[in-house]
Amino acid sequence: MFLEDSFYKVISRTENECGNIYKIALNPDHRIYKAHFPGYPVTPGVCVVEIAVELASLLAGRKLDCKGARDIKFLTPIIPTETKELFFEFDGSDSVKVCDGETLFARMRLELE
């Protein structure tokens with residue numbers, strides 16, 4: 001995995017009637033944050049999508065490639081110094097939600113292969 005274990009770490013995975021939920025911890029000291037943006041680090045949207053693809057690969061038990069994405073909405077910036085843990089909720093289809101339990105940060109539909 002490209003970002004796992006350096007940019008983020010998986011804390012847990014749970015399954016319920018709505019799908020699978022990964023709880024992850026961001027690494028606010030990662031070098032990406034030194035460039036995006038110095039003094040006010042924000043998690044890049046492309047990293048949020050990549051994390052979702054990597055977590056979907058863990059669910060599938062094999063590496064998946066992202067063939068497309070649609071309906072991507074970044075609703076609130078993810079500030080790693082403020083939001084240390086995130087939940088990536090997979091609904092069993094192609095929909096992914098990213099939240100911290102209270103705030104919905106992003107949602108997307110991924111075409112994975």
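The values are calculated or read from the model by the stated rules, or taken from the named source; none is laboratory data. Everything numeric here is computed off the predicted structure, so don't read it as measured data. Every residue, glycine as well, gets a Cβ built from its backbone with ideal geometry; the counts of neighbours run over all protein chains shown. Each accessible area value is taken on the protein alone, full model and side chains, heavy atoms only, with ligands, DNA and RNA left out. Shrake-Rupley method; radii C 1.70, N 1.55, O 1.52, S 1.80 Å.
So which of Ala25, Ala52, Ala56 ends up being surrounded by fewer than 15 Cβ atoms within 10 Å (Cβ to Cβ), in contact (Cβ under 8 Å) with a residue 40 or more places away in the chain and among the small types (Gly, Ala, Ser)?
Numbers: Ala52 fails: surrounded by fewer than 15 Cβ atoms within 10 Å (Cβ to Cβ); Ala56 fails: surrounded by fewer than 15 Cβ atoms within 10 Å (Cβ to Cβ).
Ala25 is the lone residue from the list that is surrounded by fewer than 15 Cβ atoms within 10 Å (Cβ to Cβ), in contact (Cβ under 8 Å) with a residue 40 or more places away in the chain and among the small types (Gly, Ala, Ser).
Taking Cys18 as the residue in question, decide whether it is open to solvent by 20 Å² or more (accessible area, probe 1.4 Å) and touching a helix residue (DSSP H, G or I) at 6+ places or on another chain (Cβ under 6 Å).
Working: open to solvent by 20 Å² or more (accessible area, probe 1.4 Å): yes; touching a helix residue (DSSP H, G or I) at 6+ places or on another chain (Cβ under 6 Å): no.
No, not satisfied.
Checking the condition farther than 21 Å from Glu102 by Cβ and modelled with pLDDT of 95 or more, which residue from Val46, Val42 passes?
Numbers: Val42 fails: farther than 21 Å from Glu102 by Cβ.
Testing whether each residue is farther than 21 Å from Glu102 by Cβ and modelled with pLDDT of 95 or more leaves just Val46.
Looking only at strands (runs of 3 or more DSSP E) that lie completely in the chain, which have at least 1 residues being on the phi > 0 side of the Ramachandran plot? Talk me through it step by step, then tell me what you get.
Details: elements: 8-16, 19-26, 66-74, 85-90, 95-99, 104-112.
Once the strands (runs of 3 or more DSSP E) in the chain are filtered for at least 1 residues that are on the phi > 0 side of the Ramachandran plot, what remains is 19-26, 66-74.
Which of the residues belonging to segment 61-89 are free of Cβ contacts under 8 Å to residues at least 40 places away in the same chain and among the small types (Gly, Ala, Ser)? Please lay out each step first, then the result.
Quick first cut of segment 61-89, residues free of Cβ contacts under 8 Å to residues at least 40 places away in the same chain only: 61-63, 71-77, 79, 82.
If the condition is that a residue be free of Cβ contacts under 8 Å to residues at least 40 places away in the same chain and among the small types (Gly, Ala, Ser), then Gly61 is the only one that fits.
Of the residues Thr83, Thr76, only one is under 16 Å from Ala106 (Cα atoms) and either out of contact with any Asp or Glu (no Cβ under 7 Å at 6 or more places or on another chain) or open to solvent by 60 Å² or more (accessible area, probe 1.4 Å) (or both); which? Working first, answer last.
Numbers: Thr83 fails: either out of contact with any Asp or Glu (no Cβ under 7 Å at 6 or more places or on another chain) or open to solvent by 60 Å² or more (accessible area, probe 1.4 Å) (or both).
When all the criteria are applied, what remains is Thr76.
Out of Glu102, Glu111, I need the residue that is free of Cβ contacts under 8 Å to residues at least 60 places away in the same chain, closer than 21 Å to Phe2 by Cα and open to solvent by 80 Å² or more (accessible area, probe 1.4 Å). Which one? First the steps, then the outcome.
Working: Glu102 fails: closer than 21 Å to Phe2 by Cα.
Within the list Glu102, Glu111, the selection yields Glu111.
Considering only residues of segment 90-99 that are open to solvent by 60 Å² or more (accessible area, probe 1.4 Å) and not polar (S, T, N, Q), which is farthest from Ile78 (Cα to Cα)?
At the first step, the residues of segment 90-99 found to be open to solvent by 60 Å² or more (accessible area, probe 1.4 Å) are 91-93, 97.
Those still in the list that are not polar (S, T, N, Q) too: 91-92, 97.
Values: Asp91: 21, Gly92: 24, Lys97: 13 Å.
Applying the filter and picking the extreme gives Gly92.
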